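See structure below.
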Amino acid sequence: MVFVLSGPNLGRLGTREPEVYGSDTLEDIHDAVEREARDLGLVADCRQTNHEGELIDWLHEAVDVGADVVLNPGAFTHYSYAVRDACAIVTTSGRSLVEVHLSNPAAREEFRHTSVVAGVATGTVAGFGLQSYLLALRALV
Ligand code: DQA
């Protein structure tokens, strides 16, 4: 089982800054993720939330059910030590967690150059739009 979790504002993909994030909606991404997961012999549980606590609860749930995680933390990436600590619970429990971004934060505003999650993630995929999520699934297998 793989939890594919997306954080704040990602439910607005398609119309949110399409010049940065492209025209795919989150539903398009979830459809593609479910197809890719099936091809790889995985089962994906795709979710999105705008709420930090809910995201943290889902990361705890991943540990409890023994799921790996593909996580796009959205802006939480840059400042949420609570999300970082929850990611650390996942990876120190022996599960993998791949941080993903549609855009390449390193090529954007200064505040996006820091990821507080990266240091506790298994790895990071950024800059490939919808493909970032699919590459993360491949990395897990
Ligand atoms: C993002 C990059 C973040 O900086 C931003 O806050 C997002 C989306 C991405 O997927 O490129 O919400 O995580």
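The values are calculated or read from the model by the stated rules, or taken from the named source; none is laboratory data. Quick caveat: nothing in here was measured; it's all calculated off a predicted structure. Cβ: placed from backbone, ideal geometry, glycine included. Neighbour counts: every protein chain shown.
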### Task
Please tell me if Ala75 is small (Gly, Ala, Ser) and either closer than 16 Å to Tyr133 by Cβ or touching a Phe, Trp or Tyr at 6+ places or on another chain (Cβ under 6 Å) (or both).
no
### Task
Collect the residues in the stretch 5-30 that are loosely packed, with under 14 Cβ neighbours inside 10 Å and either part of a helix (DSSP H, G or I) or under 12 Å from the mean Cα position of the chain (by Cα) (or both), keeping them in residue-number order.
Pro18, Glu19, Val20, Glu27
### Complete set of residues in the stretch 107-116 that are of a type outside the set (Ser, Thr, Tyr) and either modelled with pLDDT under 95 or near the ligand (Cβ under 10 Å from one of its atoms) (or both)
Arg108, Glu109, Phe111, Arg112, His113
### Message
For the structure I just gave you, tell me whether Val98 is in a loop (DSSP other than H, G, I, E, B) and not basic (Lys, Arg).
### Response
no
### Query
Where residues in the stretch 60-80 are part of a helix (DSSP H, G or I) and within 16 Å of the ligand (Cβ to nearest atom), which of them is surrounded by the fewest Cβ atoms within 10 Å (Cβ to Cβ)?
Ala75
### Query
Somewhere in the stretch 31-45, is a residue closer than 22 Å to Asn9 by Cβ, without any contact (Cβ under 8 Å) to a residue 40 or more places away in the chain, β-branched (Val, Ile, Thr) and crowded, with 16+ Cβ neighbours inside 10 Å?
no
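Pick out the one residue from Asp85, Asp39 that is within 22 Å of Glu27 (Cα to Cα) and at pLDDT 95 or above. Give the steps one after another, and end with the answer.
Details: Asp85 fails: within 22 Å of Glu27 (Cα to Cα).
Answer to the selection: Asp39.
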### Message
For Leu130, only one of the following conditions fails: (1) without any contact (Cβ under 8 Å) to a residue 60 or more places away in the chain; (2) over 17 Å from Leu59 (Cα atoms); (3) among the aliphatic types (A, V, I, L, M). What is its number?
### Response
(1)
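Is there a residue being away from the ligand (no atom under 12 Å from the Cβ) and touching a residue at least 12 places away in the same chain (Cβ under 8 Å) anywhere in the stretch 98-106?
Just the residues of the stretch 98-106 that are away from the ligand (no atom under 12 Å from the Cβ), to begin with: 98.
Narrowing further to those that are touching a residue at least 12 places away in the same chain (Cβ under 8 Å): 98.
Yes, that holds for at least one residue.
Here are Val2, Val100, Val83, Val90: which of them is under 17 Å from Gly127 (Cα atoms) and either surrounded by 14 or more Cβ atoms within 10 Å (Cβ to Cβ) or touching a Lys or Arg at 6+ places or on another chain (Cβ under 6 Å) (or both)? So that I can check it myself, show each step before the final result.
Details: Val2 fails: under 17 Å from Gly127 (Cα atoms); Val83 fails: under 17 Å from Gly127 (Cα atoms); Val90 fails: under 17 Å from Gly127 (Cα atoms).
None of the other options fit; the residue is Val100.
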#### Entry: Among residues of the stretch 39-58, those that are part of a helix (DSSP H, G or I), within 16 Å of the ligand (Cβ to nearest atom) and not charged (D, E, K, R), counted
1
